[in-house]
1. Would you be able to say whether some residue in the stretch 50-71 is within 10 Å of the ligand (Cβ to nearest atom) and not polar (S, T, N, Q)?
2. Looking at this structure, is Thr186 more than 12 Å from the ligand (Cβ to nearest atom) and within 21 Å of Asn103 (Cα to Cα)?
3. What is the number of the single condition among (1) part of a loop (DSSP other than H, G, I, E, B); (2) surrounded by fewer than 20 Cβ atoms within 10 Å (Cβ to Cβ) that Asp105 does not meet?
4. Can you tell me which residues in the stretch 184-224 are among the basic types (Lys, Arg) and either without any contact (Cβ under 8 Å) to a residue 12 or more places away in the chain or open to solvent by less than 20 Å² (accessible area, probe 1.4 Å) (or both)?
5. Go through (1) within 13 Å of the ligand (Cβ to nearest atom); (2) in contact (Cβ under 8 Å) with a residue 24 or more places away in the chain; (3) surrounded by 17 or more Cβ atoms within 10 Å (Cβ to Cβ); (4) farther than 26 Å from Glu77 by Cα for Pro227 and report which single condition fails.
6. Out of Pro59, Pro80, I need the residue that is under 24 Å from Pro189 (Cα atoms), more than 14 Å from the chain's Cα centre (by Cα) and buried (at least 18 other Cβ atoms within 10 Å of the Cβ). Which one?
7. Can you name every residue in the stretch 2-34 that is more than 21 Å from the chain's Cα centre (by Cα), within 16 Å of the ligand (Cβ to nearest atom) and open to solvent by 30 Å² or more (accessible area, probe 1.4 Å)?
8. Identify, from the list Ala109, Ala86, the residue that is among the hydrophobic types (A, V, I, L, M, F, W, C), away from the ligand (no atom under 11 Å from the Cβ) and in contact with a Leu (Cβ under 8 Å, 6 or more places away or on another chain).
Amino acid sequence: GMAELERLAADLRTAETAVAFTGAGISAPSGVPTFRGDDGVWEAFDEGQFTYDRFQRDPAGFWADRVELHRTMFGEEYDPNAAHDALAELNRNEHLEAIVTQNTDGLHAKAAADAGGDDGDHDSSSDGGESAEAAAEFGARETILELHGNARRVRCSDCGRREPMEPIVERAEDGELPPTCDCGGTYKPDVVLFGERLPETVLQRSRSLARESDVFLAIGSSLVVEPAASLPRIAASNGATVGIINLESTPVDSAADSCLREGVTTALPRLQELVELSGSVQ
Ligand code: APR
């Protein structure tokens, strides 16, 4: 409720290193389906069809199923919602050190581009901005870390070249199974598949952020998938104030200082307002 939001806002105002960690629930109001719960993606699809092992063994069959999953999850162009925008604003005003997301929809990057008032020199509607991994490689302090990659991109599993996903999905729908790169390599959605290692740089940076954080918000995630679900625990064991904002209970609730059973599109704009309130002239 309000009291908890006011306490979280007070913590955010004085935080040195505040981190927001997000899951599918933050994109649900944008229309992107979540994975678990009654109308979750894994009710309609068998996650066993999307393992890294299957991609390696049977890339054609993997892509035939992936096209259907992609159309279900990303059928139409989704827009960031008020929760993404609130986090983007807190990030821009340096109340948040970073946003670490499990989501592959690129909506945090879109919201950042909208909030940043970019001169629009890059097309934020394509691959959702530079990948955190690439940015980390070049030492840029990317403030949006995509733990599970970005489904708006594919990557050649041989030469590593990245391409926008849309045209590749169309080629696969037209029968190119699996879609292949000019180098002859097989394209892979630029996401972390079940059984696949997370990008090391992004995972290490996320873990050190969790360790350094003094406020850690876990938003819209069921917190059941590792290693992501361990991040709020790392933060808590290093003395951070952990706030969970989620419609359902999670296995990490007992380790958190506060749990808000509230929708992200009401809780986050309100939280951002309360934090910025202090910034304005009283
Ligand atoms: N406001 C707040 N919470 C919400 C909202 C909302 N509007 N809508 C849904 N939620 C909550 C649900 O109650 C649920 O607990 O968001 C959570 C979403 O959980 P999941 O669907 O399990 O998504 P996530 O935690 O991101 O899954 C982690 O699992 O399948 C893999 O790689 C995939 O990144 C994904 C990972």
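1. Here is the first cut: in the stretch 50-71, the ones within 10 Å of the ligand (Cβ to nearest atom) are 50.
Pick out the ones that are also not polar (S, T, N, Q) and you get 50.
Yes - at least one qualifying residue is present in the stretch 50-71.
2. Taking the combined requirement at face value, the residue does not satisfy it.
3. Only one criterion is unmet by Asp105, namely (2).
4. From the stretch 184-224, those among the basic types (Lys, Arg) are 188, 197, 205, 207, 211; that's our starting set.
Arg197, the sole residue that qualifies.
5. Looking at each condition in turn, Pro227 falls short on (3).
6. The unique qualifying residue is Pro59.
7. Within the stretch 2-34, the subset more than 21 Å from the chain's Cα centre (by Cα) is 2-11, 13-16.
In the following step, the residues that additionally are within 16 Å of the ligand (Cβ to nearest atom) were identified as 4-5, 8.
Once the filter is applied, which keeps residues that are more than 21 Å from the chain's Cα centre (by Cα), within 16 Å of the ligand (Cβ to nearest atom) and open to solvent by 30 Å² or more (accessible area, probe 1.4 Å), the stretch 2-34 yields only Glu4.
8. Values: Ala109 fails: in contact with a Leu (Cβ under 8 Å, 6 or more places away or on another chain).
Testing whether each residue is among the hydrophobic types (A, V, I, L, M, F, W, C), away from the ligand (no atom under 11 Å from the Cβ) and in contact with a Leu (Cβ under 8 Å, 6 or more places away or on another chain) leaves just Ala86.
The values are calculated or read from the model by the stated rules, or taken from the named source; none is laboratory data. As the structure is a prediction and not an experimental result, all values here were calculated from the model. Please note: Cβ atoms are built from the backbone with ideal geometry, for glycine as well, and neighbour counts cover all protein chains shown. Note: areas computed on protein heavy atoms with side chains; ligands, DNA, RNA excluded. Shrake-Rupley method; radii C 1.70, N 1.55, O 1.52, S 1.80 Å.
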